[in-house]
Amino acid sequence: MYAFTILEMVLVLTIVTILCTISFPMFLDYDRQMVVQELEKLDITLRYLQQRAMVTQRVQSLTLTLTANSYRYNATHYVMPQCICCGYLPSVYGPPGDPTAPITSVATFPSVAPGVYGIKIFPNGKISAGALYMSTINKRRMGALTCTVSQVSYLRKYLYESSQWALLAS
């Protein structure tokens, strides 16, 4: 029969403890990574549409449907993962660049219908100004993608952590 010595048992328990210690923080940071990943996808999509608008000299548009947690551009329809929704945390101030008032809307881009927002990208590379807030379903994490009003469109990604907005690197 098989028998284990105490040394073998301690060795196995030590290895399991080390693996748990390494992987546990990754599980705690899962919400953060999901929000950052979705912000990145939307940022990349808008930058793609910006390049496309400049090359084709035609206005490009992206339509956000909040109730379906999805967006559409050209023939592409993207649905966000179930753990992410278009939303914001209660009592958070915005916009992220100058948080002066409580956030009251999921998006500040132009509304094209109830719960539907449109982002236009013009042939000169400008993107319509506004912000989109997204959070995890469990309301633990929140992020924002903003486009400022200026001569050049700047897309910025923010994550709300420790009661303040943090600019994410592009």
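Couplings 3J(HN,Hα) for region 44-52, derived from phi with the Karplus relation 6.51 cos²θ - 1.76 cosθ + 1.60 (θ = phi - 60°), are 5, 4, 5, 5, 4, 5, 5, 5, 5 Hz, where x marks Gly and Pro. Compute the angle between helix 6-28 and the longest alpha-carbon principal axis of the chain, please, reported from 0 to 90 degrees and rounded to the nearest 10. Its long axis makes an angle of about 10 degrees. Would you calculate a helix-derived [θ] at 222 nm for the chain, using -39,500 (n - 2.57) for each DSSP H run of n ≥ 4 and dividing by the full residue count, to the nearest 500? After summing the helix terms and dividing by residue count, I get -10500 deg cm²/dmol.
Each Lys or Arg adds one and each Asp or Glu takes one away; over the other residues whose Cβ falls under 14 Å from the Cβ of ARG32, this sums to -1. Counting only lysines at least 8 places from LYS120 when in the same chain, those with an alpha carbon closer than 26 Å to its own are LYS41, LYS157. Look at the Cα gyration tensor of region 67-139: its axes a ≥ b ≥ c give a/c of at least 1.5 with a/b at or below b/c, and that counts as oblate. Taking the structure as given and computing semi-axes √(5λ) of the Cα gyration tensor in Å, which label from (i) 41, 19, 15; (ii) 25, 18, 15; (iii) 22, 20, 16 fits? The listed entry that was calculated here is (i).
Only the coordinates and a few stated rules stand behind these numbers; no lab work does. None of these values were measured; they are calculated from a predicted model. For neighbour counting, all protein chains shown are included, and Cβ atoms are generated from backbone atoms with ideal geometry for every residue, glycine included.
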